[in-house]
Amino acid sequence: MARVVHPIEQESFRRLRARLDTSHFPPLTRAVVERVIHSAADLEYATDLVMDEDDLVTAHAALHAGAPVVVDVEMVAAGITRRETVCRLKDARSGPGLTRSAHAVRLAFEQVGPGALWVIGCAPTALEELLTLDASPALVIGLPVGFVGAAESKAALRTSGLPAVSNVSEKGGSAVAAAALNALLYHPVSSEETS
């Protein structure tokens, strides 16, 4: 079923493109950059986001082939449209040296196994925990927000070599993380991916 784009969204993207030339980005990178900027009304994401087009192509194919989507918090899940997600935060418990968010990542990995798309938009400790697992993700959208651990956890993600979307600064959050995943959901599937 084709997605119907509301006129307000169309006008918002027209204004975004009038203020920022994104035409030099490869297709999926452009889709992610524009949707993240749109979600935050923050043009600085154009130079703050870090991703690789080849990783996005592979993740896009996995997503449209039905790979599970795991989120760290319900706020991220609420922002992801047209796709069921896994969030185990309600089942998680904190303990010595373990936050609820980190425990939720462990529980989610036990449930979905390798090959999922992980969308971390709130807790740096969730991203840190994911990096300790042998999750073999299709993609990690690591955009947690905050002054404690956010930039560091995203730097660790980039150093890990995992396929990822991250950003350099401390900013991030549920809305931008969900927007990055939605960009991949909304982008059309090419004939190469379906053959």
Quick one: what pairs do we get from the stretch 80-108, first residue at positive phi, second open to solvent by 90 Å² or more (accessible area, probe 1.4 Å) and among the small types (Gly, Ala, Ser), C-beta under 6 Å, 6+ apart or different chains? none
Quick one: count up the residues across the stretch 113-134 that are modelled with pLDDT of 95 or more, open to solvent by less than 30 Å² (accessible area, probe 1.4 Å) and of a type in the set (A, V, I, L, M, F, W, C). 8
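For every residue, the table says whether it meets (1) assigned to a helix (DSSP H, G or I); (2) hydroxyl-bearing (Ser, Thr, Tyr).
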| position | (1), (2) |
| --- | --- |
| 17 | yes, no |
| 22 | no, yes |
| 32 | yes, no |
| 35 | yes, no |
| 58 | yes, yes |
| 81 | no, yes |
| 90 | yes, no |
| 111 | yes, no |
Of the listed residues (131, 107), the one being part of a helix (DSSP H, G or I), within 24 Å of residue 170 (Cβ to Cβ) and hydrophobic (A, V, I, L, M, F, W, C) is 131
Please find, among 138, 104, the residue that is among the hydrophobic types (A, V, I, L, M, F, W, C), under 14 Å from the mean Cα position of the chain (by Cα) and surrounded by 21 or more Cβ atoms within 10 Å (Cβ to Cβ). 138
Got a number for residues in the stretch 90-113 being of a type in the set (Val, Ile, Thr) and either in contact with a Pro (Cβ under 9 Å, 6 or more places away or on another chain) or more than 17 Å from residue 131 (Cβ to Cβ) (or both)? 1
Scope the stretch 6-26; condition surrounded by 11 or more Cβ atoms within 10 Å (Cβ to Cβ) and either within 18 Å of the chain's Cα centre (by Cα) or hydrophobic (A, V, I, L, M, F, W, C) (or both); matching residues: 13, 16, 20, 25, 26
Considering 93, 35, 83, which residue is of a type in the set (Lys, Arg) and over 14 Å from the mean Cα position of the chain (by Cα)? 93
Please enumerate the residues belonging to the stretch 109-145 that are on the phi > 0 side of the Ramachandran plot and among the polar types (S, T, N, Q). 136
Residue tally, condition open to solvent by less than 60 Å² (accessible area, probe 1.4 Å), of a type outside the set (Asp, Glu) and closer than 20 Å to residue 162 by Cα, over the stretch 27-65: 13
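The values are calculated or read from the model by the stated rules, or taken from the named source; none is laboratory data. Predicted model only: the values in this text are computed from it and were never measured. Every residue, glycine as well, gets a Cβ built from its backbone with ideal geometry; the counts of neighbours run over all protein chains shown. Surface accessibility is based on the protein's heavy atoms, side chains included, excluding ligands, DNA and RNA. Shrake-Rupley method; radii C 1.70, N 1.55, O 1.52, S 1.80 Å.
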